[in-house]
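Okay, structure first, notes after.
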Amino acid sequence: MTDEQNTEVPADVPAAPDATPSANGSFLLKERFEIRFDHPLPELDSNGAKAYEVKDNINPQRSLFALICGSETSPRLSYLPYMKSIDAPNILKLVEYGIVTAETGNETIALVYNKPTGARADIFDENTEKMTPDTFKSLALSLLSACDVLKTFGLTHRAIRLNNIFYKDPSHKELVLGDCLAAFPSMYQPLAYETIENMLCQPQSRGNGVFENDLYAVGVALLGLVLNRDITSELSTGEQIRQKLKNSSFTFLSGNEKIHNQITIVLRSLLDDNPEDRCDYTRLFNYYDGKTTAFSSTDSYDRSTRALTVNGEKCYTRKSAALTMLANPDFGIEVIQSGKLLEWIKNGLENEKLYAKIEKQITAEKENPDKSLLLARICIFLDCSLPLKSGDSYMFPGGLAKTIFYNKKNNIPLTALQTLIATDIIKLWYQEQPSLRAPTNAGEFKLYISRNDYGYGFDRIMYDFDEDLPCISPLVGKTFVNNLSRLLKALDNFKGDYNTLPFDKNIIAYLRCKMGKKIDGILIDINANQDTLKLGAVIRLYASIQSKNGPAQLINLTQWLVNMSKPLIQSYHNIKYQKYLEQELLQISKNGKIIEIVDILENDEARNRDRTDFSEALKSANFLLTEKAKILSGDSKIDDEARDLAFRFCSILAVLTMLSAFVFSLIYWMIK
């Protein structure tokens, strides 16, 4: 989905097992599609996914194959229902998808496609004649029509390259776009297919991108077909960027080879370094229909007649100045502090508005000894289309969550990202975008990163910012967790030490993002320093998920929670009741229903009765202890009241004794 829209789309992947193993080692997906792991199709491998033969058990005549997604990244889960609904002639049809167990033992997504009916577009023939304008027209319209269909759904392809494009039929007159779901967007794109801005980023940090990125990739693919070779370069990334800035993308990529003028006009438009000037399907159709005679093209960048020199590099445009300053931060800060940048903007670019904005920023940061933030802000003002620099790497804010996900999976430090998120640079970048809106929760990222509690930190940002990402807690093992039910199932399948806690920060962050604010109260208890509050909150949380989402029985997880319930049992004061709870929980653990643990451990009546009994017993014990202390104390004295009472008692006893003796004597005398 394009960064402009930020629409929440449910990941429509069923929670129940979608595939079951068969006797011959194949997997049956949705009780219909038999994925045959003993019949690999390496020529159809794409985007890090392995291809295998598929048999439709209802319609065996269908020609299908499956892509088994790798575990290095994550499939584009939010795109799945949309791509399945699309039935366009120039997009490879997604027939079905679901969760299977790969040969590695990891659960992952399987994507079932119709097999392409033509050859892959990157298979070149040296004897092929030069492409005619009519053939080019047909190929270009077919690719742009596919991009146009995706645009109507708010989607981007971001995997348009010759080895992922197929001819529609042996006539080679139309093309079909291949998979765009199996991995992160643009993860496996060669640098040549990326714009200058995207070339700066690591593949995992490019984000979903925009429609114009696909147009550029279409231009590179068509150029490769025209030249009958794949477009590659042995130059370094930095040198390729410099060449594109200096000579334009078309000139650099085409290598000044002679191309028919009618084809050149279209390719120049598609590869225009100003994204607004790239032609789409409608503009190209109108051009071929004679409604327009050419494509409009404006200067890609504000060009100065005077050069700004940064570390010996002469810069004539805002983009080149920003790039050079970011690449050489010490020299960039020197240019800013010396006033050369402001002078160049005023007298070279002659942009009073930009001059005032940057001058105001420099003045505001004058007393701040850390000039790195000043440099970052000024480079955003110079060219807001550039990605943000994080340490030595570049990243688009739309790719932040996927960058965190990738770094966590590959144990790459997140220090540089933490520094970036802790500032307002991401917020400023979105403010400067002419057509992008910041995510509604982007303003809270600084808060998330500043807290080390459960439900916060990088995990919260990762899941809050990107709905495509599955839970990657170590506790879920090889299970693909893309919803609440599958999370509980993964914990139920846990094979480790049951003395460890049945949750971690990653899981709690995932649940907070999936369940929303309604669990904020539980989150407070989980972050409490009391084990009883923490464990009780987690048990209530899991019980709620099981009741609403299933599975109906979780025997192992229930036993695990019972195992960890000792602090909750001991929170009751009555020893006999503790023994009773232990006996009951032992029986409950066999039923696999977490709510039964809550019912017995969180019983308000039992809890109140225990408190009352304990309070009464405590009072009695305190009284007896006080009395004992008085008696045993070496310097204690009998109270005056007690002494008087004793004297009175003794006097009365003496009188009674005398009276009794007198009465008995009298009676004896009378009888005698």
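The values are calculated or read from the model by the stated rules, or taken from the named source; none is laboratory data. The shown structure was predicted, so the numbers you read here are calculated from the model rather than taken from an experiment. As a convention, Cβ positions derive from the backbone with ideal geometry for all residues, glycine included, and neighbour counts pool all protein chains shown. What goes into the accessible areas is simple: the full protein's heavy atoms, side chains included, and nothing from ligands, DNA or RNA. Shrake-Rupley method; radii C 1.70, N 1.55, O 1.52, S 1.80 Å.
Can you tell me which residues in the range 227-252 are open to solvent by 40 Å² or more (accessible area, probe 1.4 Å), touching a residue at least 12 places away in the same chain (Cβ under 8 Å) and outside any helix (DSSP H, G or I)?
Hits for the range 227-252 are 228, 229, 230, 232, 233.
Determine whether the range 420-428 contains at least one residue that is without any contact (Cβ under 8 Å) to a residue 24 or more places away in the chain and open to solvent by 50 Å² or more (accessible area, probe 1.4 Å).
yes
Scanning the range 463-482 for residues that are at pLDDT 95 or above, of a type in the set (A, V, I, L, M, F, W, C) and closer than 20 Å to residue 183 by Cα, which turns out most open to solvent (accessible area, probe 1.4 Å)?
472
Tell me, yes or no, whether the range 258-265 has at least one residue that is in a helix (DSSP H, G or I) and either surrounded by 24 or more Cβ atoms within 10 Å (Cβ to Cβ) or touching a strand residue (DSSP E or B) at 6+ places or on another chain (Cβ under 6 Å) (or both).
Within the range 258-265, none of the residues are in a helix (DSSP H, G or I) and either surrounded by 24 or more Cβ atoms within 10 Å (Cβ to Cβ) or touching a strand residue (DSSP E or B) at 6+ places or on another chain (Cβ under 6 Å) (or both).
Quick check: is even one residue across the range 435-454 buried (at least 21 other Cβ atoms within 10 Å of the Cβ), among the charged types (D, E, K, R) and at pLDDT below 95?
The answer is no; no qualifying residue exists.
Of the residues that make up the range 465-474, is at least one polar (S, T, N, Q) and over 24 Å from residue 108 (Cβ atoms)? Break it down stepwise before answering.
Quick first cut of the range 465-474, residues polar (S, T, N, Q) only: 473.
The next check asks that each one be over 24 Å from residue 108 (Cβ atoms); those that pass are none.
No - not one qualifying residue is present in the range 465-474.
Just to be sure I understand, how many residues within the range 49-77 are buried (at least 16 other Cβ atoms within 10 Å of the Cβ), over 19 Å from the mean Cα position of the chain (by Cα) and not acidic (Asp, Glu)?
In the first step, residues of the range 49-77 are kept if they are buried (at least 16 other Cβ atoms within 10 Å of the Cβ); the result is 49-56, 64-71, 73-77.
Subsequent filtering for residues that are over 19 Å from the mean Cα position of the chain (by Cα) retains 49-56, 64-68.
With not acidic (Asp, Glu) added as a condition, the list becomes 49-52, 54-55, 64-68.
The number of residues fulfilling the criteria is 11.
So which residues in the range 147-168 are of a type outside the set (Lys, Arg), part of a loop (DSSP other than H, G, I, E, B) and either over 23 Å from the mean Cα position of the chain (by Cα) or crowded, with 19+ Cβ neighbours inside 10 Å (or both), if there are any at all?
Listed by number, the residues that qualify are 155, 156, 157, 159, 160.
Report, by residue number, each residue of the range 206-226 that is in a helix (DSSP H, G or I), touching a Leu at 6+ places or on another chain (Cβ under 9 Å) and open to solvent by 20 Å² or more (accessible area, probe 1.4 Å).
Listed by number, the list holds a single entry, 226.
Check every one of the helices (runs of 4 or more DSSP H) wholly within the range 318-376 and list those with 2 or more residues that are touching a residue at least 40 places away in the same chain (Cβ under 8 Å).
318-327, 329-337
Between a first residue in the range 296-313 that is modelled with pLDDT of 90 or more and a second residue that is in a loop (DSSP other than H, G, I, E, B) and surrounded by 14 or more Cβ atoms within 10 Å (Cβ to Cβ), which pairs have beta carbons less than 7 Å apart while being 6 or more apart in sequence or on different chains?
Here the result reads 310/328; 311/328, each pair linking the range 296-313 to a residue that is in a loop (DSSP other than H, G, I, E, B) and surrounded by 14 or more Cβ atoms within 10 Å (Cβ to Cβ).
Among residues belonging to the range 490-500 that are of a type in the set (A, V, I, L, M, F, W, C) and assigned to a helix (DSSP H, G or I), point out the one that is surrounded by the most Cβ atoms within 10 Å (Cβ to Cβ).
Step by step, filter the range 490-500, then rank; the result is 491.
Would a scan of the range 36-49 turn up a residue that is out of contact with any strand residue (DSSP E or B) (no Cβ under 9 Å at 6 or more places or on another chain), at pLDDT 95 or above and of a type in the set (D, E, K, R)?
No, because not a single residue in the range 36-49 is out of contact with any strand residue (DSSP E or B) (no Cβ under 9 Å at 6 or more places or on another chain), at pLDDT 95 or above and of a type in the set (D, E, K, R).
Can you tell me which residue in the range 266-302 is surrounded by the fewest Cβ atoms within 10 Å (Cβ to Cβ), limited to those that are of a type in the set (Lys, Arg) and out of contact with any Gly (no Cβ under 9 Å at 6 or more places or on another chain)?
This residue is 291.
I'm told residue 83 meets every condition in (1) free of Cβ contacts under 8 Å to residues at least 60 places away in the same chain; (2) part of a helix (DSSP H, G or I); (3) not hydroxyl-bearing (Ser, Thr, Tyr) except one. Can you identify the failing condition by its number?
Among (1) free of Cβ contacts under 8 Å to residues at least 60 places away in the same chain; (2) part of a helix (DSSP H, G or I); (3) not hydroxyl-bearing (Ser, Thr, Tyr), the lone unmet condition for residue 83 is (1).
Any residue at all in the range 128-141 that's open to solvent by 10 Å² or more (accessible area, probe 1.4 Å), closer than 24 Å to residue 84 by Cα, in contact (Cβ under 8 Å) with a residue 40 or more places away in the chain and not in a strand (DSSP E or B)? Break it down into steps so the answer makes sense when it comes.
To start, the set of residues in the range 128-141 that are open to solvent by 10 Å² or more (accessible area, probe 1.4 Å) comprises 128-135, 137-138, 141.
Among the residues that remain, those that are also closer than 24 Å to residue 84 by Cα are: 141.
From the residues that got through so far, the ones that are in contact (Cβ under 8 Å) with a residue 40 or more places away in the chain too are 141.
Cutting the leftovers down to not in a strand (DSSP E or B) gives us 141.
Yes, the range 128-141 contains a residue that is open to solvent by 10 Å² or more (accessible area, probe 1.4 Å), closer than 24 Å to residue 84 by Cα, in contact (Cβ under 8 Å) with a residue 40 or more places away in the chain and not in a strand (DSSP E or B).
How many residues, within the range 469-489, are in contact (Cβ under 8 Å) with a residue 40 or more places away in the chain and part of a loop (DSSP other than H, G, I, E, B)?
So in the range 469-489, the residues in contact (Cβ under 8 Å) with a residue 40 or more places away in the chain come out as 469-470, 472, 478-480, 482-489.
Filter once more, so that each one left must be part of a loop (DSSP other than H, G, I, E, B): 469-470, 472, 478-480, 482-483.
Adding up the residues that qualify gives 8.
Hey, can you tell me all the residues within the range 381-406 that are assigned to a helix (DSSP H, G or I) and surrounded by fewer than 20 Cβ atoms within 10 Å (Cβ to Cβ)?
The one that is assigned to a helix (DSSP H, G or I) and surrounded by fewer than 20 Cβ atoms within 10 Å (Cβ to Cβ): 381.
Could you tell me which residue of the range 169-180 is nearest to the chain's Cα centre (by Cα), considering only residues that are surrounded by 18 or more Cβ atoms within 10 Å (Cβ to Cβ) and assigned to a loop (DSSP other than H, G, I, E, B)? Let's see the steps before the verdict.
From the range 169-180, those surrounded by 18 or more Cβ atoms within 10 Å (Cβ to Cβ) are 174-180; that's our starting set.
With assigned to a loop (DSSP other than H, G, I, E, B) added as a condition, the list becomes 174, 178-180.
Values: 174: 37, 178: 25, 179: 21, 180: 18 Å.
Restricting to residues being surrounded by 18 or more Cβ atoms within 10 Å (Cβ to Cβ) and assigned to a loop (DSSP other than H, G, I, E, B), the top hit is 180.
Return a yes/no flag: does the range 108-124 have any residue that is without any contact (Cβ under 8 Å) to a residue 60 or more places away in the chain, surrounded by 16 or more Cβ atoms within 10 Å (Cβ to Cβ) and part of a loop (DSSP other than H, G, I, E, B).
yes
Considering (1) in contact (Cβ under 8 Å) with a residue 12 or more places away in the chain; (2) within 28 Å of residue 413 (Cα to Cα), say which one residue 492 fails and leave the rest.
Evaluating residue 492 over (1) in contact (Cβ under 8 Å) with a residue 12 or more places away in the chain; (2) within 28 Å of residue 413 (Cα to Cα) leaves (2) as the failure.
Can you work out which of the residues in the range 506-545 that are farther than 19 Å from residue 448 by Cβ and of a type in the set (Val, Ile, Thr) is surrounded by the fewest Cβ atoms within 10 Å (Cβ to Cβ)?
Among residues in the range 506-545 that are farther than 19 Å from residue 448 by Cβ and of a type in the set (Val, Ile, Thr), the one surrounded by the fewest Cβ atoms within 10 Å (Cβ to Cβ) is 532.
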